[in-house]
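Below is one structure, written out as structure tokens, with a few remarks after it.
Any read-out appearing in this document is the output of simple, stated calculations on the displayed coordinates, not a laboratory observation. Computed from a predicted model, the values in this text were never measured in an experiment. For neighbour counting, all protein chains shown are included, and Cβ atoms are generated from backbone atoms with ideal geometry for every residue, glycine included.
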Amino acid sequence: MKLQSFNEKHPDEPRTLLLRAWLEMRKGQLETALELTNRYLETNPNSAAGWRLRGEIWFFEGEVTKAVEDLKKSKSLKDEASTRVILAKAYLRGARFEDAVTELKNAINLPGVPMEARLLLEETYRQLDRKEALAEFYSSTVNEFPTSVFWLNRAGSYAIDVGDYEKASQLYRTSFELKRQEYENTPGKEMRFDPEYASAFDGHLRSNILLAGLPKRTNWKPKRLDGIFEFAKPYLDTDYSPLAYLRMAQAKLLLGHKRTAVEYCQKAVDEAEGNETLASEVLLRMFLLLGPDEVSKYCLEILREDPDSIPANFTMFNLYKVNRQYLKSLPFIDKCIQLSDHDSRSRWDYTAKKAEILTLAYERSSDNKYLESAIAEYKSLLGKMPNNI
């Protein structure tokens, strides 16, 4: 509406043609967008924006070769980071990985570079499994953004992936201190749950537990675990208590104190009460830590006292799903659906999971009744979300 109004006031402004083309592209009307862009380029052949837009349209059309040609033309007229990012995407679509990496490495050094460029380079290195390049990427990124909690956490996560737990501990500790200073330097700011802070806190505990090693290893360091308890205990009365209890449980398990580990896991679940998503995540971690039997026993105890516990029902659903006991999982996911608000996103998510289980049950049994039920569930979801691909 704004563009139409502007066009009526300024009918001779050529750039409105380009804006109309951009708008049509964003609406998915690619043929109309292409026709408008071509008209614009006929009278503005030296417009970097015009060639870039047409390159984007070709990219969305799946015409990779044409997209690359137009984007390279745009870059030759005006070298911008955002153009290099789109060009890199086109190269990746065409499996020209070296060209994509070159564009992204150059893009991150240009002014006004979008965050997407660095994230796409990171993802490309990961897909190509280039460990040395990734190590250099994280090192240079952390050097360039030494106070970025986001990048410190990602670098820490990668260090854990490659087994460099000492480095991971240092990165997460730096990230954690930055977030803590942020709270300390902001009078009146409550220490509410912050995903970046949680990642730094949990990552620091995890890396140090991994550093402690396993009892059968020659590098067994039980004293390091004492530091984990000291670090975690101040957070037992905060929003981070579930994470603290879980890592303390992991440390206790390493020390051979399974009963205490189970108690800490149960406390973690109790502390997450009221937050269905967090409680489900805690139960999942408990499952990874203690195994299905211990978690199943605990969830069934919860359900005896509170049959309407969504986290417990959802965990039991997942336990049966993992063990491919699809029919046993259905009553638990049905309970989650029943307990969710009628038009809530969580209800739709649970319904999608039920449809998935029904499909798996059909694939295993070839019984059409499961397939028909799955189709019915998906149709009900499409009634709520008609544009969900």
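Assorted remarks:
- Kirkwood hydrodynamic radius computed over region 227-278 comes to 10.9 Å, based on all pairs of distinct alpha carbons.
- Reach of Lys105 by Cα under 22 Å, taken over lysines that are not fewer than 8 positions away in the same chain: Lys72, Lys73, Lys75, Lys78, Lys89, Lys131
- Radius, Kirkwood style, for region 1-142 when every pair of distinct Cα atoms is counted (Å): 16.2
- Separation in nanometres of the label points that stand 7 Å from Cα toward Cβ, at Phe229 and Phe150: 3.9
- For region 303-389: relative contact order, % (alpha-carbon pairs under 8 angstrom, 6 or more apart): 20
- Scoring 317-324, 330-337, 59-66 by mean Cβ neighbours within 10 Å over their residues and listing the highest first yields 330-337, 317-324, 59-66.
- Working note: Debye formula, equal point scatterers on the alpha-carbon atoms of region 88-129, no solvent; log10 I(q)/I(0) at q = 0.33 Å⁻¹ is -1.21.
- Packing, taken as the mean count of other beta carbons within 10 Å per residue, orders the peptides 243-252, 141-150, 345-354 from highest to lowest as 243-252, 345-354, 141-150.
- Principal axis analysis of the Cα atoms in region 312-389 yields extents of 30, 29, 18 Å, listed in decreasing size.
- Panel note: the C-alpha atoms of region 146-201, placed on their principal axes, show extents of 40, 19, 15 Å (largest first).
- Direction-averaged projected area, Cα convex hull, region 256-389: 8.9 nm², rounded to one decimal.
- Equivalent-ellipsoid semi-axes of the chain, from the Cα gyration tensor, Å, largest first: 46, 32, 20
- Computed packing ranks the peptides 193-203, 79-89 as 79-89, 193-203, most packed first, by mean other Cβ atoms within 10 Å.
- Normalising the average separation of contacting C-alpha pairs (under 8 angstrom, six or more residues apart) by the number of residues puts the relative contact order of the chain at 5 percent.
- Alpha-carbon centroid distance for the pair region 23-44 / region 314-389, whole angstrom: 42
- Using R0 = 35 Å, the C-beta based FRET efficiency linking Arg96 and Gln325 works out to 0.15.
- Region 133-175: C-alpha pair distances exceeding 18 Å, %: 11
- GNM top mover of Glu24, Glu372, Glu13 - the chain, alpha-carbon springs below 10 Å: Glu13
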